[in-house]
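Working notes, structure below.
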Amino acid sequence: MELLAAIGDIVDKCDFILGEDVAALEREFADYCGVQHAVGVDSGSSALELALLAAGVGAGHEVITQANTFIATVGAILAVGARPVLVDCDDDGAPDLDQFAAAVSPRTKAMLPVHLFGRVAPLQPLVEIATRAGAVLVEDACQAHGAQVGPRRAGSFGLAAAFSFYPGKNLGAFGDAGMVTTNSSEIAARLRALRNIGQTTKYVHELGPPMNRRLDTLQAAVLRVKLPHLDGWNAARVERAARYREQLAGLPLRLPAPALDGSHVYHLFVIQTERRDGLRNALASAGIATGIHYPIPTHLQPSLSFLGYAPRSFPVTERLATQSLSLPMYPELPLAQIDRVAKLIREYLS
Ligand SMILES: *Cc1c(COP(=O)(O)O)cnc(C)c1O
């Protein structure tokens, strides 16, 4: 199998650390996203953290992001010593633009919108809000590999963007891996040093803090085999989303909003219903596994309680936490299975 051959090749060469496949994947992923540079790191979390560090975000700064994200987005802001300023989302889970603008303070250094579930956030207005605020825009593109706005890909709009190759993402490695994309040569050079203990030339560690966040060559080799299939896999997800839409039409539930202007890559297919928990149980009894993204919003997580956000701080995010249900979604999902899931949902809700 092609994947095992790629791995065997690296084992034969012992090219494990920052090997040829890392540089090759960086080139290929940058070209895929339509950006100048891509820098491989060891996870999506590291990609977010290093993107912020490279952009000069640190202690005394505030970074605005949405409360309805995966907690790793907030974690990266804390990791660089900055303060996360959370805002609510709209009914479809996209960042609330008015709240993003209203959250700006003299300490705002960056904005970190999230392309949640594979649907690109409204980038043009966000870029304008960030520019007016004198802040940089970093995209959390960890769920949106290949998604487009017009002809441009997610990951090409901000000063930098972070991708995760966690195995369950649209493009997944055989373990943890991540990537930062940017059009700035300066940011790219900093990222290359930052991921490799701050090293610029051997034993000269110019940038800090010194940490090892390198992408394994083995993971890069796996990702190089898979990258040419990404558009096909995303197209299969879009086809499955269309089937769900057709089969679930007219039911008392909210379907995921379509892409704003371009493509949605359906990392997840998330419906909303007030009868979420009962529906989830009914599907489970029929052997259908579903997910909840995310049952506890970031601002109500125990590890973030020190930020001081009380319950009801973000009503839309909190409503989505109780009403969202992620239906089965992967490129190989049989269409007949979608019809079966839809039938069960129809039976339960009507
Ligand atoms: C997966 C994910 C991350 C973190 O990526 P890891 O590779 O798991 O560290 C960050 N943000 C979002 C929105 C994600 O979905």
Query - Counted charge near residue 350, where neighbours are those whose Cβ lies closer than 15 Å (Asp, Glu -1; Lys, Arg +1) - result: +1
**Report entry** Three-way shape label, segment 241-309, alpha-carbon gyration tensor, a/c 1.5
**Finding:** oblate
Requested in this report: Subtracting the Cα-Cα distance from 0.36 nm times the residue separation, let me have the gained length for residue 23 to residue 245 in nm, one decimal.
Outcome: 75.9 nm
Query raised in the report: Summing Lys, Arg as +1 and Asp, Glu as -1, what charge do residues with Cβ under 14 Å from the Cβ of residue 295 carry, residue 295 excluded?
Result: +1
Query raised in the report: How do 169, 109 stack up against each other in accessible area, from largest to smallest, with a 1.4 angstrom probe?
Result: 109, 169
Query raised in the report: Relative contact order of the chain: what whole-number percent is it, with Cα pairs under 8 angstrom and at least 6 residues apart?
Result: 20
Requested in this report: For the chain, just say rounded, prolate or oblate: build the C-alpha gyration tensor, square-root its eigenvalues into a ≥ b ≥ c, call rounded for a/c under 1.5, and beyond that prolate if a/b exceeds b/c, oblate if not.
Outcome: oblate
Report task. Taking the Cα centre of the chain as origin, sum charge times position over the Cβ atoms of Lys and Arg (+1) and Asp and Glu (-1), and report the length of that vector in debye to the nearest 20. Result -> 460
Query raised in the report: How would you rank 51-64, 274-287, 322-335, 141-154, highest first, on the average number of other Cβ atoms within 10 Å across their residues?
Result: 141-154, 51-64, 322-335, 274-287
Report task. Per residue of segment 314-322, in order, report the coupling 6.51 cos²θ - 1.76 cosθ + 1.60 (Karplus, θ = phi - 60°) as ³J(HN,Hα) in whole Hz, putting x for Gly and Pro. Result -> 10, x, 5, 4, 6, 5, 4, 5, 9
Report summary line: For residue 211, the residues 5 or more places away or on another chain with a placed amide H closer than 5 Å to its own amide H are 197, 198
Requested in this report: Show that you can apply the helix-only estimate: for the chain, add -39,500 (n - 2.57) for every DSSP H stretch of four or more residues, divide by all residues, and state [θ] at 222 nm to the nearest 500.
Outcome: -12000 deg cm²/dmol
Query raised in the report: Counting alpha carbon pairs within less than 8 Å and at least 6 residues apart, what relative contact order, in whole percent, applies to segment 1-97?
Result: 19
**Report entry** Per-residue HN-Hα couplings for segment 37-51 [Karplus 6.51, -1.76, 1.60; θ = phi - 60°; Hz; x = Gly/Pro]
**Finding:** 9, 9, 10, x, 9, 8, 5, x, 4, 5, 4, 5, 4, 5, 4
Query raised in the report: Rounded, prolate or oblate: which fits segment 160-301 when a ≥ b ≥ c are the square roots of the eigenvalues of the alpha-carbon gyration tensor, with rounded for a/c under 1.5 and prolate only if a/b beats b/c?
Result: prolate
Query raised in the report: Ordering 46, 185 from largest to smallest accessible area (1.4 angstrom probe), what's the sequence?
Result: 185, 46
Report summary line: Highest mean packing first, using Cβ neighbours within 10 angstrom, the peptides 236-248, 210-222 sort as 210-222, 236-248
Query raised in the report: Where both partners of a DSSP beta bridge lie in the chain, what percent of those bridges are antiparallel, to the nearest 5?
Result: 60
Query raised in the report: Length gain on complete extension for the stretch residue 4 to residue 281, per 0.36 nm per residue less the alpha carbon to alpha carbon distance?
Result: 95.8 nm
Query raised in the report: residue 13: accessible area at probe 1.4 Å, nearest 10 Å²?
Result: 90
Query raised in the report: Whole-Hz Karplus ³J(HN,Hα) for segment 88-105, in order, using 6.51 cos²θ - 1.76 cosθ + 1.60 and θ = phi - 60°, x for Gly and Pro?
Result: 7, 10, 8, 5, 9, x, 7, x, 6, 5, 4, 6, 4, 5, 6, 7, 5, 9
Query raised in the report: In percent, what relative contact order does segment 219-347 have, based on Cα pairs under 8 Å that are 6 or more apart in sequence?
Result: 36
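The values are calculated or read from the model by the stated rules, or taken from the named source; none is laboratory data. Note that the structure is predicted; figures quoted are calculated from it, not measured. FYI the Cβ positions are ideal-geometry reconstructions off the backbone, even for glycines, and counts take in every protein chain you see. Note: accessible area is taken over every heavy atom of the protein model, side chains too, but ligands, DNA and RNA are not part of it. Shrake-Rupley method; radii C 1.70, N 1.55, O 1.52, S 1.80 Å.
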